[in-house]
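The values are calculated or read from the model by the stated rules, or taken from the named source; none is laboratory data. Keep in mind that what you see is a predicted model, and the values were worked out from it rather than measured. Positions of Cβ are backbone-derived with ideal geometry, glycine not excepted, and every protein chain shown enters the neighbour counts. Accessible surface areas use protein heavy atoms only, side chains included; no ligands, DNA or RNA. Shrake-Rupley method; radii C 1.70, N 1.55, O 1.52, S 1.80 Å.
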Amino acid sequence: MSRTAAPVLLSAVFLLSLSAASAFNITLLLSRYPGYETFNDLLSKTNLAREINRRSTITILALTNDSMAPIAAKTEEVQTRILSNHVVLDYYDNLKLNKLKNTKTVLTTLFQASGTANGQQGFLAVVHRKDGSIVFGSAVKGAPLVSILEGSVAAQPYNISVLAVSQPIIGPGIDGEWVPVAEAPAPAKKKASPPPAASPVEDEVVADAPAPEEAVPAPAPAEAPAADADADDGSSPVPKSGAGKGAVSGVTFGLVVALISLVAA
Ligand SMILES: *[C@@H]1O[C@H](CO)[C@@H](O)[C@H](O)[C@H]1NC(C)=O
Ligand SMILES: *[C@@H]1O[C@H](CO)[C@@H](O)[C@H](O)[C@H]1NC(C)=O
């Protein structure tokens with residue numbers, strides 16, 4: 001009995017250790033594609049590689065060695081913030097991105113999960129342009145969509161997708177050097193809307209579905225407004241105003257009085 005139990009137990013332990021291990025190793029995965037060494041090294045140096053490997057559904061917007069230049073001189077803290085903003089906490093491959101409509105979709109990044117992002121800094125916006133290109137940018141209001149999708153580097157559907165993008169996304173304020181030009185001229189708005197953090201995301205996420213679906217049932221209610229139009233031209237005995245309602249209840253009152261007098265008679 002122990003002769004059979006031991007191998008079974010060993011296989012169980014082996015399977016458990018397999019499932020406990022990461023689904024992927026971003027360092028190893030990226031090392032198979034030449035041109036991403038600087039980006040890959042920085043992911044390890046900033047410990048973001050470990051954070052990435054802990055996830056099971058993730059997308060990396062990868063930068064080639066050449067396009068890392070704007071990040072190279074920054075402090076490691078700033079580099080961590082910027083790179084973590086290139087790690088999307090969902091699976092997006094070419095196919096999924098191409099299905100997006102011409103609306104802005106907001107993506108949550110690892111920077112948001114760090115809890116150190118201000119406002120919309122931890123979010124990215126992705127837009128599928130009419131010319132077919134797909135562009136990413138910071139979701140901060142007024143931030144430009146600067147980083148063009150250049151293709152897929154690697155993918156393990158639907159766990160990890162590595163996409164090539166044209167240049168780093170350095171969100172406004174993320175490196176502590178940004179002057180809030182766009183937000184300065186609107187102090188009145190800030191007083192009027194105290195919770196600025198949560199609402200802009202919802203405003204900017206444009207759902208694809210509702211617009212065409214709402215257009216379909218339109219013919220049915222169209223008959224109702226036509227009847228209203230008749231009423232509005234004065235030919236209808238039903239008036240719109242409050243005084244008219246008074247007149248109607250006056251008539252009802254008269255009828256009731258007439259009925260009462262009939263009963264009394
Ligand atoms: C892929 O992701 C799913 C859900 O996110 C997870 O359940 C699954 O274990 C992952 N696959 C691998 C190979 O890690
Ligand atoms: C991931 O791969 C790299 C490069 O092969 C290796 O040095 C590292 O130990 C691996 N990490 C894990 C958690 O297995």
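Heavy-atom accessible surface of the stretch 40-112, averaged per residue, reaches 45 Å², computed with a 1.4 Å probe.
For the stretch 30-75, which trypsin sites (Lys or Arg not before Pro) pass both filters: DSSP loop (anything but H, G, I, E, B) and at most 16 other C-beta atoms within 10 Å?
R32, R54
Leaving out ligands, DNA and RNA, and with a 1.4 Å probe, what % of the accessible surface on the stretch 15-153 is carbon or sulfur?
The nonpolar share, carbon plus sulfur, comes to 53 percent.
Remark on the stretch 13-121: hydrodynamic radius 15.3 angstrom, per the Kirkwood mean of 1/r across alpha carbon pairs.
Label zone (E150, point 7 Å along Cα-to-C-beta; backbone nitrogen cut-off 18 Å) within the stretch 34-49: 34-43. A probe of 1.4 angstrom, applied to the heavy atoms of all protein chains, finds I26 with accessible area near 0 square angstrom. Ranked from largest to smallest solvent-accessible area, with a 1.4 Å probe on the protein heavy atoms, L43, L95 come out as L95, L43. Amide H to amide H, with H built 1.01 Å from N, S138 comes under 5 Å of A125, V146, counting only residues 5 or more places away or on other chains. Distance between the pseudo-spin-label points of K101 and R129 (7 Å out from Cα toward the beta carbon): 2.1 nm. Based on the alpha-carbon gyration tensor of the stretch 84-130 and its eigenvalue square roots a ≥ b ≥ c, which shape applies: rounded if a/c is under 1.5, prolate if not and a/b is larger than b/c, or oblate? Oblate.
Amide H contacts of S152 (H built 1.01 Å from N, in plane; Pro and chain starts excluded): A164 sit under 5 Å, all sequence-distant by 5 or more or on other chains.
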